[in-house]
1. Quick one: which residues, 5+ away or cross-chain, put their amide H under 5 Å from the amide H of residue 133? H built at 1.01 Å from N.
2. What net charge do the residues around residue 202 carry, taking every other residue with its C-beta under 13 Å from that of residue 202, with Lys and Arg at +1 and Asp and Glu at -1?
3. In the chain, once you exclude exposed trypsin sites (Lys or Arg not before Pro) (DSSP loop, at most 16 other Cβ within 10 angstrom), what's the longest stretch remaining?
4. Skipping prolines and chain starts, which residues have an amide H placed within reach, meaning under 5 Å, of the one on residue 23, given they are 5 or more residues away or on another chain?
5. Can you compute 3J(HN,Hα) from phi for each residue in the range 20-26, using the Karplus curve 6.51 cos²θ - 1.76 cosθ + 1.60 with θ = phi - 60°, rounded to whole Hz and x for Gly and Pro?
6. Give me a comma-separated list of calculated 3J(HN,Hα) values for the range 197-209, in order, Karplus coefficients 6.51, -1.76, 1.60 applied at θ = phi - 60°, integers in Hz, x for any Gly or Pro.
7. Which whole number in µm²/s is D for the range 62-253 by Stokes-Einstein, with the Kirkwood Rh taken over Cα pairs at 25 °C and 0.890 mPa s?
8. Restricting attention to the range 152-222, which GluC sites (Glu not before Pro) occupy a DSSP loop and are surrounded by at most 11 other Cβ atoms within 10 Å?
Amino acid sequence: MVKRYRIQFPVAESSKLGQDEAYFFLWEGKKKRKIRFHDYDDIYKIPGLYEQLFYDRLKCQSPKKVAEILESSVAQSNQNFSELRVLDLGAGNGMMGDELKRYGVSRLVGTDIIREAELATERDRPSVYDAYYTEDFTKLKPSVREEIASWSLDCLTTVAALGFGDIPPEAFIQAFNIIQSEGWVAFNIKETFLAKSDTSGFSNMMRELIFSEYLDLYHLERYRHRLSIDGRPLYYFAIAGRKTADIPKKFLKQFGY
Ligand SMILES: C[S@@+](CC[C@H](N)C(=O)[O-])C[C@H]1O[C@@H](n2cnc3c(N)ncnc32)[C@H](O)[C@@H]1O
């Protein structure tokens, strides 16, 4: 049986907190411990806590949505979904891997920057990934890059991991360039990052990339990613497309990276 935890949200001040500042209290006996949503290492160490927090309480539906639009995009081509060789960047404890496995893919390689994610995946979803790399994609050693590329990956997924200080553009582009040309790319991003009013380098870059010559866009859909701690819907875009070419360094440079 899955263990349940006592989780409490700081309701009074929650509407003032940015999405990257959100936290909750975990009751352990008579003590409560404050954990930030971004303290993934602490969360993954506790079996089932990530799932209870983001999926049961906050109704996250992003792995399901991104897998769904990837499937419908691939269905528009003459390729079989079951033949995909996927790199799941920011894989965490394997929620997206689980979803992709439900559809069935040929190979699934996970990667995350923290070791706790790999350990939690081994503990909770040991058969989901064919390989899992704990790596910082902004500093990939050539030998590791070569090893990952040797999986002949033709699909990149990144779910709930772009923006808010998580995966930086340099890491995403490195992963994008590892997958083969004409490979599939599916990810999600908070709606505000695609708004013209956001003039940060990250937003400008993501907007440019989605409609660039490096990607054939197949699917762009606004949907409810999850609820905030005070129960408001958080909207994201789910994006799927087909890579046309590697992204050169000069593309990133124009956005200040
Ligand atoms: C909200 S979790 C999403 C996990 C999983 N994709 C899911 O949908 O449940 C974000 C993940 O991105 C990872 N992450 C943050 N920065 C990263 C980076 N620079 N490179 C790779 N992974 C990163 C975190 O460690 C965390 O596991």
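Any read-out appearing in this document is the output of simple, stated calculations on the displayed coordinates, not a laboratory observation. A quick note: this is a predicted structure, and the numbers were derived from the prediction, not measured. All Cβ positions, glycine included, derive from the backbone under ideal geometry; neighbour counts span all protein chains shown.
1. So residue 133 has HN proximity to 110, 111, 112.
2. Values: positive: 190, 207; negative: 20, 166, 170, 198, 208.
My count for the surroundings of residue 202 gives -3.
3. Working: sites that count: 3, 4, 16, 30, 59, 196.
Counting at most 16 other Cβ atoms within 10 Å as exposed, the longest clean stretch of the chain is 60-195.
4. Hits under the 5 Å cutoff: 37.
5. Per residue, the Karplus-derived 3J(HN,Hα) values read 8, 9, 4, 8, 9, 9, 10 Hz.
6. The phi angles translate into 5, 8, 9, 5, x, 4, 5, 4, 5, 5, 4, 5, 4 Hz.
7. Details: Rh = 16.7 Å.
It comes out at roughly 147 µm²/s.
8. Numbers: sites: 170, 182, 191, 208, 213, 221; in loops: 182, 213.
Sites meeting the loop and neighbour criteria: 213.
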